1. Exactly one of (1) in a helix (DSSP H, G or I); (2) surrounded by fewer than 17 Cβ atoms within 10 Å (Cβ to Cβ); (3) not hydrophobic (A, V, I, L, M, F, W, C) is unmet by R61. Its number?
2. Among R61, R81, which is the only one that is basic (K, R) and either farther than 20 Å from R123 by Cβ or over 17 Å from the mean Cα position of the chain (by Cα) (or both)?
3. Restricting attention to helices (runs of 4 or more DSSP H) lying wholly within the stretch 69-159, give those where 1 or more residues are modelled with pLDDT under 95.
4. State which residue pairs qualify: first residue closer than 20 Å to L143 by Cβ and inside the stretch 93-105, second residue polar (S, T, N, Q) and open to solvent by 50 Å² or more (accessible area, probe 1.4 Å) in any location, beta carbons under 6 Å apart, and separation of 6 or more residues or different chains.
5. Test D40 against the criterion of being of a type in the set (D, E), modelled with pLDDT under 95 and surrounded by fewer than 18 Cβ atoms within 10 Å (Cβ to Cβ), and give yes or no.
6. Based on what the data block shows, is V133 open to solvent by less than 50 Å² (accessible area, probe 1.4 Å), in contact with a strand residue (DSSP E or B) (Cβ under 7 Å, 6 or more places away or on another chain) and over 14 Å from R52 (Cβ atoms)?
7. Restricting the search to the stretch 20-58, which residues are over 28 Å from H120 (Cα atoms), in a helix (DSSP H, G or I) and among the β-branched types (V, I, T)?
8. Would you please list the contacts, defined by Cβ atoms under 8 Å and residues six or more apart or on different chains, that run from a residue in the stretch 109-129 that is over 20 Å from F73 (Cα atoms) and open to solvent by 60 Å² or more (accessible area, probe 1.4 Å) to a residue that is polar (S, T, N, Q) and modelled with pLDDT of 95 or more?
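The values are calculated or read from the model by the stated rules, or taken from the named source; none is laboratory data. Please read all numbers here as calculations on a predicted model, not as lab measurements. Cβ: placed from backbone, ideal geometry, glycine included. Neighbour counts: every protein chain shown. Protein only, heavy atoms only, side chains kept; ligands, DNA and RNA dropped before computing areas. Shrake-Rupley method; radii C 1.70, N 1.55, O 1.52, S 1.80 Å.
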Amino acid sequence: MQGLPHEWLTDGLEKSAQILALVLAGVSQEQSRQVKDGDDGWSVLEIVCHLRDYQDIFAERIRRMLEEERPAFQLYDEEARLALVSDNDYANQDLRAVFESYRAKRRWLIERLAAAPAGHWLRQGRFAVDDVVDVEMAVVHTLLHDADHGEQIARILRA
């Protein structure tokens, strides 16, 4: 079964990163640390760090599906997500360096997907016995994750 056109998905990955670049263009390092999503929420910097780290996670899952037969994936629960925040010292990162790392990882993913044979987009991985995902679904999930946090950043910058 053919899903979405693959060019739409890879174009979406590029556009999503471009939108984030535009949203962050006028944000200073200080502003990225100070502006938060509520009293207990993440700062813009922490959100961009999260996007960078999850770009790694999503890209690795996709790479494995393209190269392996039905790989098994680890779920990132709240505890694992919070460990990334402290282990990677989100609050003390450089916004521009974090974003450039995110962009480089995104370019790698787009290039990898563009080089993949069409049939590989339907290759699958799994989180549990009955929780199966394919490459197309993983790319859509990446796009939705970007949209969710891009909206979050735009909303808190506007406030």
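1. Condition (2) is where R61 drops out.
2. Numbers: R61 fails: either farther than 20 Å from R123 by Cβ or over 17 Å from the mean Cα position of the chain (by Cα) (or both).
After applying the criteria, what remains is R81.
3. Filter on the stretch 69-159 gives 78-87, 135-158.
4. Between residues of the stretch 93-105 that are closer than 20 Å to L143 by Cβ and residues that are polar (S, T, N, Q) and open to solvent by 50 Å² or more (accessible area, probe 1.4 Å), there is no close pair.
5. For D40, the condition - of a type in the set (D, E), modelled with pLDDT under 95 and surrounded by fewer than 18 Cβ atoms within 10 Å (Cβ to Cβ) - is met.
6. Yes; evaluated as a whole, the condition is true for this residue.
7. Answer for the stretch 20-58, where residues must be over 28 Å from H120 (Cα atoms), in a helix (DSSP H, G or I) and among the β-branched types (V, I, T): V23, V44, I47, V48.
8. Qualifying pairs under 8 Å: A114/T10.
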